[in-house]
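Okay, so here's the structure we're looking at.
The values are calculated or read from the model by the stated rules, or taken from the named source; none is laboratory data. Nothing here was measured: the structure is a model prediction, and the numbers come from that model. FYI the Cβ positions are ideal-geometry reconstructions off the backbone, even for glycines, and counts take in every protein chain you see. The area values use the complete protein model at the heavy-atom level, side chains included, leaving out ligands, DNA and RNA. Shrake-Rupley method; radii C 1.70, N 1.55, O 1.52, S 1.80 Å.
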Amino acid sequence: MNKPIIIDYKNTKDLIAAYRQGEIMEEGSLIITSMGPMAKSLKNLDSKRFNDGNVIDIGNLLKGLFPDWYSSTTKLKQFIHLGNIIDILPDIDEETRHALHNSRLDILQSIKILTEAGLTPASFPKTKDEDNDISLFRMIYDIFWKKNNSCKNFYNQVKSWHNPDKPDTLIKELQEVMDRQCEKTDSIDLRKAKKIYLHGFYYFTTAQELLLEGLLNLTGYTVV
């Protein structure tokens with residue numbers, strides 16, 4: 001895995017000067033911003049160098065890479081499916097079942113975070129003194145994975161980025177997202193672009209970290 005180049009700055013004036021002088025974010029680079037307004041500001045600053053062809057914010061990029069995972073329809077189906085699982089859980093009293101139903105959103109969020117972290121039910125750590133709540137969650141998580149394909153699909157897509165037999169999988173997916181975003185300009189050619197900038201990040205969510213790891217795993221690309 002490659003190591004990223006890290007650039008920090010004390011004030012935005014120095015940063016903007018570096019943009020304008022072409023010292024960073026040079027032409028032909030893919031630029032991923034931490035927020036939508038930041039992508040818009042870059043495009044307003046210099047529409048020739050920064051446009052829909054090579055600038056995208058991380059939220060839209062992740063939704064483009066995982067349209068099903070971030071779909072409101074998928075979330076509704078997951079919520080309903082989780083309720084069906086809770087209805088048929090064996091060996092629990094009705095008070096516990098009612099409490100689980102009331103906590104469905106939190107349970108679903110936990111399942112999604114664990115999936116994004118790459119923790120399948122089989123790899124979910126188990127402790128000797130595990131309490132009943134964790135054991136119950138483990139059971140729900142296991143059933144959800146077996147019955148609902150959304151988690152497996154997300155996990156397998158991320159895993160495919162690290163397949164040595166198909167090293168350009170992530171690049172192809174990124175290219176498709178950038179091509180779809182473009183209407184009035186040509187999209188960046190990611191086979192030729194050798195620098196990828198992640199701009200404005202001071203922390204990474206679990207899903208963002210998965211993307212960062214995938215980018216750092218690309219051969220011949222520099223991540224800044």
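Quick one: Gln208 ticks every box in (1) touching a residue at least 40 places away in the same chain (Cβ under 8 Å); (2) among the polar types (S, T, N, Q); (3) farther than 20 Å from Gly59 by Cβ bar one, so which box is it?
Of (1) touching a residue at least 40 places away in the same chain (Cβ under 8 Å); (2) among the polar types (S, T, N, Q); (3) farther than 20 Å from Gly59 by Cβ, only one is false for Gln208: (3).
Would you check which residues across segment 50-103 are of a type in the set (A, V, I, L, M), more than 29 Å from Leu198 (Cβ to Cβ) and touching a Leu at 6+ places or on another chain (Cβ under 8 Å) and list them?
Leu82, Ile86, Leu89, Ile92, Leu100
Does Pro67 meet the test of being open to solvent by 30 Å² or more (accessible area, probe 1.4 Å) and modelled with pLDDT of 95 or more?
Judged against the criteria, Pro67 is a match.
Scan segment 130-140 and tell me whether some residue there is touching a residue at least 12 places away in the same chain (Cβ under 8 Å) and under 21 Å from Leu76 (Cβ atoms).
Yes, the conditions are met somewhere in segment 130-140.
Look at segment 149-180 and say how many of its residues are open to solvent by less than 50 Å² (accessible area, probe 1.4 Å), in a helix (DSSP H, G or I) and touching a residue at least 24 places away in the same chain (Cβ under 8 Å).
The qualifying residues number 11.
Give me the pairs, please: first residue somewhere in segment 3-24 and over 15 Å from Leu42 (Cα atoms), second residue anywhere and in a loop (DSSP other than H, G, I, E, B) and modelled with pLDDT of 80 or more, beta-carbon distance under 9 Å, and either six or more positions apart or on two chains.
Between residues of segment 3-24 that are over 15 Å from Leu42 (Cα atoms) and residues that are in a loop (DSSP other than H, G, I, E, B) and modelled with pLDDT of 80 or more, the close pairs are Pro4/Val224; Ile5/Val224; Ile6/Val224; Ile7/Ile24; Ile7/Val224.
Kindly evaluate Tyr203 against the criterion of being among the aromatic types (Phe, Trp, Tyr) and open to solvent by 90 Å² or more (accessible area, probe 1.4 Å).
When the stated conditions are applied, Tyr203 passes them.
When you scan segment 1-120 for helices (runs of 4 or more DSSP H) that lie fully inside it, which ones turn up with 3 or more residues that are among the basic types (Lys, Arg) and closer than 27 Å to Tyr202 by Cβ?
none
Looking at segment 31-59 only, could you name the residues that are under 30 Å from Cys151 (Cβ atoms), in contact with a helix residue (DSSP H, G or I) (Cβ under 7 Å, 6 or more places away or on another chain) and not β-branched (Val, Ile, Thr)?
Ser34, Gly36, Asp57, Gly59
Tell me which residues, restricted to segment 187-215, are part of a loop (DSSP other than H, G, I, E, B) and farther than 15 Å from Leu30 by Cβ.
Tyr202, Tyr203, Phe204, Thr205
Of the residues Gly53, Gly59, Gly36, Gly22, which single one is open to solvent by less than 80 Å² (accessible area, probe 1.4 Å), modelled with pLDDT of 95 or more and of a type outside the set (Phe, Trp, Tyr)?
It is Gly59.
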